[in-house]
Every structure is written in C-alpha cells, then in structure tokens.
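Derivation of every value follows stated rules applied to the coordinates shown; laboratory data play no part. Fair warning: this is a prediction, and the values are worked out from it, not measured in the lab. Neighbour counts are summed over all protein chains in view; Cβ atoms, including those assigned to glycine, are modelled from backbone coordinates with ideal geometry.
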Amino acid sequence: MRDYRSQYMIVDKTLLCKAFLETKHKVIRLCAPSGIGKTFNIDTLKHFFAAVSKYDMPYLANREFGHRIPLPEHLDSKVARTERMKLFHNTLLLEKAPKFFEEHFCHYQR
C-alpha cells in the first residue's frame with residue numbers, strides 16, 4: 001500500500017495577481033468548494049499588492065516590561081519588503097512578468 005500523505009504537489013498561483021489587475025471587471029466573486037484555496041488566493045493578492053505597513057515590521061522585545069512593541073514603520077520598511085519578497089522568489093509571476101512585478105509589488109495602500 002502506498003502512503004500518499006508523503007507526496008505533494010506545489011501549484012504556483014502567483015500569475016493570479018497579474019490576471020486580477022488586468023481584468024476589466026470591478027467586482028470578482030470567488031466561488032469554489034471548501035479546500036480549493038480561496039483564502040490562499042486572497043492572501044497571495046494581499047501580500048503582492050499591499051504596501052508594507054507597520055504590521056509587517058519585526059517586533060522589538062521589551063525585556064524590561066516583558067511585552068513586545070512594534071518598531072516604527074520607517075525603521076524597517078526595507079527589511080519587511082525584503083522578507084515579503086521571499087514569498088515570491090522563484091515564482092512564475094517573477095519569471096514571466098518581471099516588469100509587472102516591479103511595477104506593482106507592494107505599491108498599493110490597504
């Protein structure tokens with residue numbers, strides 16, 4: 001008997017970002033059965049288009065008071081953008097549409 005749990009397939013859905021922006025429709029409805037990847041697709045769009053914000057910043061541990069405080073946005077925006085860029089390393093979007101990638105990656109306010 002074969003164990004199929006150890007086998008997996010990676011599906012690159014990053015070209016969805018380009019298709020999403022190039023559509024002429026103002027509203028897009030995602031209908032699919034459970035487990036198809038609707039949330040994953042929305043997260044992919046969010047991480048690609050949304051500008052880096054204070055919520056993406058690494059947290060600074062405050063040892064004296066035992067809680068964490070976010071760093072100011074201007075201190076680590078390059079670091080946060082670089083970290084987010086790792087999500088799209090070796091993807092079809094970066095390979096097939098590098099100009100689109102550079103023009104739109106992290107350029108839109110939430």
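For Lys78 and Lys99, the FRET efficiency from 1/(1 + (r/R0)^6), where r spans their Cβ atoms and R0 equals 22 Å, is about 0.55.
Residue by residue, what Karplus-based ³J(HN,Hα) values in Hz, rounded to whole numbers, does the range 37-49 have, using 6.51, -1.76 and 1.60 with θ = phi - 60° and x for Gly and Pro? The phi angles translate into x, 4, 5, 4, 4, 5, 5, 4, 4, 4, 5, 7, 7 Hz.
For the pair Thr23 and Gln7, label points projected 7 Å from Cα toward Cβ lie 3.3 nm apart.
Starting from 0.36 nm per residue, how many nanometres of slack lie between Leu87 and Phe40 once their C-alpha separation is accounted for? Present the calculation step by step, with values, prior to reporting the outcome.
Values: separation 47, 0.36 × 47 = 16.92 nm, distance 1.26 nm.
Between Leu87 and Phe40, full extension yields 15.7 nm more.
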